[in-house]
1. Report, by residue number, each residue of the stretch B:180-193 that is more than 7 Å from every other protein chain (Cβ to nearest Cβ), without any contact (Cβ under 8 Å) to a residue 40 or more places away in the chain and crowded, with 17+ Cβ neighbours inside 10 Å.
2. Which of the following residues is touching a residue at least 12 places away in the same chain (Cβ under 8 Å), in a strand (DSSP E or B), in contact with a strand residue (DSSP E or B) (Cβ under 8 Å, 6 or more places away or on another chain) and more than 14 Å from chain B (Cβ to nearest Cβ): A:37, A:102?
3. Could you pull out the residue among A:81, A:91 that is away from chain B (no Cβ under 14 Å), loosely packed, with under 14 Cβ neighbours inside 10 Å and at positive phi?
4. From the set of residues in the stretch A:15-34 that are under 25 Å from residue B:180 (Cα atoms) and within 14 Å of chain B (Cβ to nearest Cβ), which is surrounded by the fewest Cβ atoms within 10 Å (Cβ to Cβ)?
5. Looking at B:177, B:219, B:196, B:225 in this structure, which one is part of a strand (DSSP E or B) and within 14 Å of chain A (Cβ to nearest Cβ)?
6. So, in the stretch A:109-143, exactly how many residues are loosely packed, with under 12 Cβ neighbours inside 10 Å and part of a loop (DSSP other than H, G, I, E, B)?
7. Out of curiosity, is residue B:145 more than 14 Å from chain A (Cβ to nearest Cβ), loosely packed, with under 15 Cβ neighbours inside 10 Å and touching a strand residue (DSSP E or B) at 6+ places or on another chain (Cβ under 6 Å)?
């Protein structure tokens, strides 16, 4: 089961991220994780939030270019080597990672890695088999 | 020439005629200094005879129109009425000697002014200023004619929204064209930088094959391009000519 990420197109302009985060704040959206991919002219802001639909609506209504994309999340222990094991598991199975980012959850003190890969099905299978349970949408909502 | 180790003074060039696209007084100074020549402006259009309609004299302040071949008028592009000398308007030609394709009061779309004041060179032919714009929306970029409507049709052919802005500038005496295009959510599917860069490349190559110049494509946020009274601004020309 994939979790959903919001991707927002952001022009490189001062104050633009402030407007986006304020829009989300005003709608009562809690951001769980985020990352910004940057080029010289634009960036893509990626967000994991508690309520995707509400966040999507708030951002579209405010005039932002926003899409929802599937991503895979994996919970790992917050110890040295944990991320390396996940990466090795994917690498060994020939799965290419487009991008990734990570966050630490408050309650279970686990670290979560969010990533986008080329072979979805296979990635889920090898991760589960390798002992890395894949993050479920309802888990994100309850974080 | 400098890179090839050739001394400009060794080639004995005295004068050069430069036309086909607008150039600035600064460029004239540069050419004259670097090449050691007198740089003269020349005006023409392929519908009449190509280059040869008007030339600068040694005074270098306006081009004498060859009035034995061309009758020149400047008109108000809106009303079509002739304007007095010295006023800027659209240049119109009637050709006396053209055969097969006679042109009578042919509208060039070039904006300039005429002067019949006595020229220090002794010639009495009317002088026209360097054209300083167009009465239609045609742009001349690196000598190539570009219409915003061409950009629009390329975008439509790619299934994209025609919300765009052409930004023309001049960097190191070379024209540059940037086409800004407003994003739509379908372009962001996947949410990867690679995906957006692929779109930019696809648009750039389609523009290149239609316009014959290679523009820089820049994706911008929706509704971020200027609109005045509901009508979109299509061109920002930052060149100072």
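The numbers here are math on the coordinates, done by the rules we state, and not lab data. The model shown is predicted, which means the values in this text are computed figures rather than measured ones. Virtual Cβ from ideal backbone geometry, glycine too; neighbours counted across all protein chains shown.
1. Passing the criteria: B:181, B:187.
2. Working: A:37 fails: more than 14 Å from chain B (Cβ to nearest Cβ).
Answer to the selection: A:102.
3. On the way: A:91 fails: at positive phi.
Within the list A:81, A:91, the selection yields A:81.
4. At the first step, the residues of the stretch A:15-34 found to be under 25 Å from residue B:180 (Cα atoms) are A:15-20.
So of that shortlist, the ones also within 14 Å of chain B (Cβ to nearest Cβ) come out as A:15-17, A:19-20.
Details: A:15: 8, A:16: 17, A:17: 15, A:19: 14, A:20: 21.
Residue satisfying both the conditions and the ranking: A:15.
5. Working: B:177 fails: within 14 Å of chain A (Cβ to nearest Cβ); B:196 fails: part of a strand (DSSP E or B); B:225 fails: part of a strand (DSSP E or B).
Checking each option against the conditions leaves just B:219.
6. Step one: filter the stretch A:109-143 for residues loosely packed, with under 12 Cβ neighbours inside 10 Å, giving A:109, A:118, A:121, A:129, A:131, A:138, A:142.
Keeping just the survivors that are part of a loop (DSSP other than H, G, I, E, B) gives A:109, A:118, A:131, A:142.
Here the count works out to 4.
7. Numbers: more than 14 Å from chain A (Cβ to nearest Cβ): yes; loosely packed, with under 15 Cβ neighbours inside 10 Å: yes; touching a strand residue (DSSP E or B) at 6+ places or on another chain (Cβ under 6 Å): no.
No; evaluated as a whole, the condition is false for this residue.
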